Amino acid sequence: MGSGSGSGSGSGFMPLISTDWSLPASTEQYLCDRVTLQSDVWISSISPISPTGTHHQVLMVGTATPGNPLPPDGVTTCDSSLTEPSLYASGVGTSELDLPVGVAIHLQAGQQLFLNLHLFNASDSPISGTSGVTYMPIDPSDVQHEAGVVLAGKAQGLEVDVGMNKQQTGTCTTNAGTTIFAAAPHMHLLGTYMTATYTPPNGGTPVTLIDQPYSFDAQKYIMQSPEVVTEAGGKYTITCTYDNETGSPVYFGESTTDEMCFALTMVYPPPPQVECTK
């Protein structure tokens, strides 16, 4: 069941979009929930609803154009396709994200929220829950910048060989004038460490955004202080380290038993592309 509005809680957070689900034992599934907004929404803080079984979720927004209407509202089974600009992403253990002062996510009346939800039940019993996103509103007069998310890392060609401390690296080229203010690691069960660095063009000094051990159960955003402003031709490099004792190589994929290598990177202004991968 989707929801595009609702009453606030005692903390001041309000429901933005949520989906009820249930999974049989030892199964996984993608659900997609679409809700068309009836009024503008300005977001200063955003927080996932992630009960056990929520592997990750990506919140996107769609806008109808002439000859290209939006799909109907409602919940459907789907796949991992990220077909619209992303606003926010979370993994297991991702906590509340407070945007910097003067920065907000802006959603407009008539746009359609699109929640892509990956569910995974590793237990031998059925489970159920409600997953989604809540938010803290902000007065638009207090906003100077609008924010969005980039999935930066490696997808095509990712292969984790058998053994310890196996690394995969993704590098992409930045545009000018994007401010990075937060980043969170996202790998699957084999991940042990992540580094994410931005290197300015022409031999500039690299800036470290993430450099820490990785836990699948604690994929938390790291606020950047100072914030990082990219230049045209800069390099954003994500290096993921894995311990693979499965006996076989593991490749990029959506299942929790596959692997990924992404830094979920919050930026302003909103990026023109969803992914920055190579």
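Tell me yes or no: at least one residue of region 235-253 is of a type in the set (S, T, N, Q), in the same structural domain as Gly163 (by TED's automatic domain parsing), modelled with pLDDT under 90 and out of contact with any strand residue (DSSP E or B) (no Cβ under 7 Å at 6 or more places or on another chain).
There is no residue in region 235-253 that is of a type in the set (S, T, N, Q), in the same structural domain as Gly163 (by TED's automatic domain parsing), modelled with pLDDT under 90 and out of contact with any strand residue (DSSP E or B) (no Cβ under 7 Å at 6 or more places or on another chain).
Hey, any hits in region 102-120 for a residue that's closer than 27 Å to Ala25 by Cβ, surrounded by fewer than 15 Cβ atoms within 10 Å (Cβ to Cβ), in contact (Cβ under 8 Å) with a residue 24 or more places away in the chain and not hydrophobic (A, V, I, L, M, F, W, C)? Within region 102-120 (the criterion being closer than 27 Å to Ala25 by Cβ, surrounded by fewer than 15 Cβ atoms within 10 Å (Cβ to Cβ), in contact (Cβ under 8 Å) with a residue 24 or more places away in the chain and not hydrophobic (A, V, I, L, M, F, W, C)), the answer is no, since none of the residues qualifies.
Where in region 51-133 are there strands (runs of 3 or more DSSP E), lying wholly inside it, with at least 1 residues that are within 17 Å of the chain's Cα centre (by Cα)? Even if it seems obvious, please write down each step before you answer.
On the way: elements: 54-62, 74-77, 86-91, 103-107, 112-121.
Strands (runs of 3 or more DSSP E) meeting the threshold: 54-62, 86-91, 103-107, 112-121.
Taking the residues in region 182-237 that are part of a strand (DSSP E or B) and of a type in the set (Asp, Glu) as candidates, determine which candidate is surrounded by the most Cβ atoms within 10 Å (Cβ to Cβ). Before the answer, list the steps.
The initial filter retains those residues of region 182-237 that are part of a strand (DSSP E or B), namely 182-186, 191-199, 207-213, 222-229, 235-237.
After this cut, where a residue has to be of a type in the set (Asp, Glu) as well, the list is 211, 227.
Numbers: Asp211: 12, Glu227: 14.
Out of the qualifying residues, it is Glu227.
Name the single residue, out of those in region 151-169 being assigned to a strand (DSSP E or B) and touching a Gly at 6+ places or on another chain (Cβ under 8 Å), that is nearest to Pro270 (Cα to Cα).
The residue in question is Ala152.
Among all residues of region 139-149, there is at least one that is closer than 30 Å to Pro201 by Cβ and aliphatic (A, V, I, L, M).
So, in region 26-49, exactly how many residues are hydroxyl-bearing (Ser, Thr, Tyr) and crowded, with 18+ Cβ neighbours inside 10 Å? Explain how you work it out, then say what you get.
So in region 26-49, the residues hydroxyl-bearing (Ser, Thr, Tyr) come out as 26-27, 30, 36, 39, 44-45, 47.
Going one step further and asking which of them are crowded, with 18+ Cβ neighbours inside 10 Å, we end up with 44-45, 47.
So the answer is 3.
The values are calculated or read from the model by the stated rules, or taken from the named source; none is laboratory data. Everything quoted here is computed from the prediction, not taken from an experiment. Cβ coordinates were reconstructed from backbone atoms using ideal geometry, including for glycine residues, and neighbour counts include every protein chain displayed.
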